[in-house]
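In what follows, a single structure is set out as structure tokens and then discussed.
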């Protein structure tokens, strides 16, 4: 059997080679940086503080207001505290988990694209393009003690299950469970469940509402678990106000979107044109939902653009 890559033209092979090379070069900096003891982003010390607190059985949500309000779910802090027993270092444990999550995310992106397009070249391009994108435009979260990428890996597994399995009740329940696990690590990746809900509405309204019911039950269980393990003021801490700034939104657009404006424009045009094709419809919905939610979150303090902005290249 011929190698699938051999069917790709010379231009496609050249583009694939360039993306892989650039991605590997871009990954050198965040990977090496993870082993140095200087700050990658301003949240790292705060994350370590909370991981140490849960390791010593200190409730994270014991007070309604405090100097260090914990407006994240607690699962990430428990995971880091556990793995710090192997690394003997809270900082290194979180950074290694971030690197592993980044690698897993790239593999998952490739698998999703392979499933939807059937092309190995497209899958490799998408996976390495994701790596290059994160290591350049989202490097503050790569190899950092931060839960964003770890949570994203769980959401991507849920998306992978959705594209591989028919929307049966068991499949929908499994996806909701994966989303709940990811949401208990970092709760801002709302574009994933929103995109699947919209796609399910087009497939079966009954399945869409079953998905919402599953998510509602698991959200309730998550609140109970976080309150029981972390303290009585989990909800009030999680909903603690964050400053919103239109100026910050514009500055973020100038910093992150203008350099890739042409790619965004191409992706938008492709997403609109592909909206009636079953294999591409989910990606079209996900592209717009992730961009809209990410634009809103990026304008808030201590938040950034949702991870998967254009990890799916517009394949013909």
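The values are calculated or read from the model by the stated rules, or taken from the named source; none is laboratory data. Remember, it's a predicted structure, so these values are computed and weren't measured experimentally. We place every Cβ from the backbone using ideal geometry, glycine too, and count neighbours over all the protein chains shown.
Checking each residue in region 113-124 for being surrounded by fewer than 24 Cβ atoms within 10 Å (Cβ to Cβ) and touching a helix residue (DSSP H, G or I) at 6+ places or on another chain (Cβ under 8 Å) picks out 114, 115, 116, 117, 119, 120, 121, 122, 123, 124.
Among the residues of region 222-241, which ones are exposed (fewer than 13 other Cβ atoms within 10 Å of the Cβ) and either closer than 13 Å to residue 59 by Cα or under 22 Å from the mean Cα position of the chain (by Cα) (or both)? Within region 222-241, 228, 239 qualify. Highlighted here are the helices (runs of 4 or more DSSP H) found entirely within region 144-209 that include at least 3 residues which are in contact with a helix residue (DSSP H, G or I) (Cβ under 6 Å, 6 or more places away or on another chain), in contact (Cβ under 8 Å) with a residue 60 or more places away in the chain and farther than 19 Å from residue 284 by Cβ: 148-164.
If you check 91, 100 for being out of contact with any strand residue (DSSP E or B) (no Cβ under 7 Å at 6 or more places or on another chain), outside any loop (DSSP other than H, G, I, E, B) and within 15 Å of residue 185 (Cβ to Cβ), only one passes: 100.
Within the option set 82, 78, 42, 65, being within 20 Å of the chain's Cα centre (by Cα) and exposed (fewer than 15 other Cβ atoms within 10 Å of the Cβ) holds for one residue only, 42. Within region 189-211, restricting attention to residues that are under 20 Å from the mean Cα position of the chain (by Cα) and surrounded by fewer than 19 Cβ atoms within 10 Å (Cβ to Cβ), the residue that is farthest from residue 238 (Cα to Cα) is 198.
The numbered conditions (1) over 27 Å from residue 184 (Cβ atoms); (2) more than 19 Å from the chain's Cα centre (by Cα) are all true for residue 27 except (2). When residues in region 240-278 are screened for being at pLDDT 70 or above and in a helix (DSSP H, G or I), 14 of them pass.
With respect to being over 30 Å from residue 45 (Cβ atoms) and crowded, with 24+ Cβ neighbours inside 10 Å, residue 217 falls outside the description.
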